[in-house]
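Below is one structure, written out as structure tokens, with a few remarks after it.
The values are calculated or read from the model by the stated rules, or taken from the named source; none is laboratory data. Note that the coordinates shown come from a computational prediction; the quantities given were computed from them, not determined experimentally. Cβ placement follows ideal geometry from the backbone for every residue including glycine, while neighbour counts extend to all protein chains displayed. Side chains included, ligands, DNA and RNA excluded: accessible areas come from the protein's heavy atoms. Shrake-Rupley method; radii C 1.70, N 1.55, O 1.52, S 1.80 Å.
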Amino acid sequence: MTVDRRDFLHAAGLVGAAAALGSAALGAREANAAEEEEPAVLNLSSQEGRIPGEALAERVERMAEWGFNGLEPHGGGLPGRVAEIQQALQGSGVSVSAVCAGYSGCLISHEETERRLAVDTLKELLAAAGELRSTGVIVVPAFHGQTELDCQEARTILVDLLQELGAHALQVKSRVLLEPLNRGECYFLRLVADAAAIARDAGSEGVAVMGDFYHMNIEETSDRGAFLSAGPRLHHVHLASRRRVLPGQDERSFVDGFRGLKEVGYRDFLSLECGCDGDPLVEIPKSVAFLRAQWAEA
Ligand code: MG
């Protein structure tokens with residue numbers, strides 16, 4: 001015997017509930033339409049050292065000419081460079097993307113003193129990153145050899161410290177950006193989804209995640225899936241090919257990942273962190289054209 005679905009809903013007294021579900025679905029569609037008004041954007045950035053040039057202003061001028069609008073400085077000595085960077089960027093159309101590490105210690109060290117050193121130096125760096133209106137400071141919990149803790153102990157300690165760091169980051173208008181690496185460089189934190197789960201558990205808007213196409217090529221089963229897992233917690237991306245040279249210099253495709261970025265409405269930066277085969281003055285503009293074509297295809 002078949003049961004008409006409407007009769008069944010009536011019989012179960014669920015018509016009102018079904019109508020409520022219908023309007024909730026409509027609400028979701030309206031919300032999606034609102035999101036679609038702010039489509040994802042390909043904001044290209046580069047690590048400072050990747051761009052040829054002597055003075056920072058010379059590098060920034062070159063970047064603007066090539067179509068970059070983001071600069072990723074290294075965090076080492078950054079608190080003393082805020083004025084220099086602000087001056088070099090003024091009127092250039094280029095702004096600071098993320099700040100790449102540059103703190104001391106290790107957040108998940110087995111030594112308490114090393115963990116405290118990491119928290120204290122990261123706080124200084126977050127303040128400088130906030131002054132520069134960057135998207136955040138890139139943080140790797142531990143490279144190989146930096147910790148003797150097992151993954152369970154490390155995760156508990158990390159989530160605890162991230163609550164303190166996240167609160168500080170919000171105060172200084174910055175973020176911690178957790179970066180998953182590949183197994184050749186670390187054991188703890190290798191998947192973007194894992195970083196997002198840690199950020200969720202830290203429970204602070206001051207803790208976010210990033211994805212690096214080089215590491216993702218080794219660890220992730222799907223670039224798109226990784227970015228979808230991170231969703232709104234994703235606030236930075238590193239660009240490098242399979243051999244960790246410029247995008248376009250080997251067979252690594254970025255299309256699947258770019259589809260994911262479009263689906264989550266990504267509007268932060270994608271930043272070169274890679275070597276270069278050949279003359280960077282010739283090869284970087286070619287890589288920019290390649291990335292724009294891959295973005296268009298996604
Ligand atoms: Mg990276």
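What to note about this one:
- Checking each residue in segment 262-272 for being within 16 Å of the ligand (Cβ to nearest atom) and either surrounded by fewer than 21 Cβ atoms within 10 Å (Cβ to Cβ) or under 17 Å from residue 40 (Cβ atoms) (or both) picks out 268, 269, 270, 271.
- Here residue 67 meets the list (1) in contact with a Cys (Cβ under 9 Å, 6 or more places away or on another chain); (2) touching a residue at least 60 places away in the same chain (Cβ under 8 Å); (3) away from the ligand (no atom under 16 Å from the Cβ); (4) not aromatic (Phe, Trp, Tyr) almost entirely, failing just condition (1).
- Scanning segment 77-122 for residues that are over 19 Å from residue 162 (Cβ atoms) and open to solvent by less than 40 Å² (accessible area, probe 1.4 Å) yields 78, 82, 85, 88, 89, 92, 94, 96, 97.
- Of the residues making up segment 199-234, those that are of a type outside the set (A, V, I, L, M), within 14 Å of the ligand (Cβ to nearest atom) and over 25 Å from residue 68 (Cα atoms) are 219, 220.
- Residue check for residue 224: assigned to a helix (DSSP H, G or I), over 30 Å from residue 161 (Cβ atoms) and open to solvent by 60 Å² or more (accessible area, probe 1.4 Å): yes
- Filter pass, residue 237 being within 16 Å of the ligand (Cβ to nearest atom), β-branched (Val, Ile, Thr) and within 15 Å of residue 44 (Cβ to Cβ): yes
- Members of segment 273-298 found to be touching a Cys at 6+ places or on another chain (Cβ under 9 Å) and open to solvent by 50 Å² or more (accessible area, probe 1.4 Å), listed by number: none
- Filter pass, residue 282 being β-branched (Val, Ile, Thr), more than 13 Å from the chain's Cα centre (by Cα) and either modelled with pLDDT of 95 or more or within 14 Å of the ligand (Cβ to nearest atom) (or both): yes
- Exactly one residue among 130, 75, 102 is within 17 Å of residue 178 (Cα to Cα) and in contact with a Lys or Arg (Cβ under 7 Å, 6 or more places away or on another chain), and that residue is 130.
- Annotation note: of 277, 201, the sole residue that is over 14 Å from residue 178 (Cβ atoms) and of a type outside the set (Ser, Thr, Tyr) is 277.
- Identity of the residue in segment 117-161, among the charged types (D, E, K, R) and more than 29 Å from residue 71 (Cα to Cα), that ends up nearest to the ligand (Cβ to nearest atom): 155
- Where residue 247 falls short, out of the listed (1) touching a Lys or Arg at 6+ places or on another chain (Cβ under 7 Å); (2) under 19 Å from residue 276 (Cβ atoms): (1)
- Residues in segment 232-256 that are open to solvent by less than 30 Å² (accessible area, probe 1.4 Å), farther than 17 Å from residue 97 by Cβ and either without any contact (Cβ under 8 Å) to a residue 40 or more places away in the chain or not in a loop (DSSP other than H, G, I, E, B) (or both): 241, 245, 250, 252, 255.
- Taking the numbered list (1) on the phi > 0 side of the Ramachandran plot; (2) open to solvent by less than 20 Å² (accessible area, probe 1.4 Å) in turn, residue 68 passes all entries but (1).
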